[in-house]
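So the structure is just underneath, and the comments pick up after that.
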């Protein structure tokens, strides 16, 4: 009975921890029509306005990051499936009209191949030796 009560209390407390926090800051409206927003006083000496904004909690930020990673994995899987489907379609069309299909590149079907480029090598300019110039005269 006690573990069930503890679980219910934790479930009730978690939404309160995951809510965004309302923060307040001072903003100075400068320029014509107050369109220039600053965090320091304006040269003309205008009065500061208070602005409320929501700051997401760490749980909300983590959840958004996890959704982003899951979406990118699904996008990569869909792109891989699309490439495989297009390759199969090209192969089918080629065999219907009697063409020899080209050899498929050897790539794993699980993930797209990533290519890393090396930076170009920097060479030092050749410096003529001073002893060669002195001995030729």
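The values are calculated or read from the model by the stated rules, or taken from the named source; none is laboratory data. Keep in mind it's a predicted model, so treat the numbers as computed, not measured. Cβ sites come from the backbone with ideal geometry, for glycine too, and all protein chains shown count toward neighbours.
Observations on the model:
- Failed item, numbered, when residue 40 is tested on (1) in a helix (DSSP H, G or I); (2) modelled with pLDDT of 80 or more: (1)
- Qualifying residue in the range 120-129 (condition: at pLDDT below 75, exposed (fewer than 10 other Cβ atoms within 10 Å of the Cβ) and at positive phi): no
- Taking each residue of the range 22-35 that is more than 22 Å from residue 54 (Cα to Cα) and looking for partners that are surrounded by 13 or more Cβ atoms within 10 Å (Cβ to Cβ) with beta-carbon atoms closer than 6 Å, six or more apart or interchain, yields 30/38; 30/42.
- Considering residues of the range 43-79 that are farther than 20 Å from residue 21 by Cβ and part of a loop (DSSP other than H, G, I, E, B) only, the residue modelled with the highest pLDDT: 43
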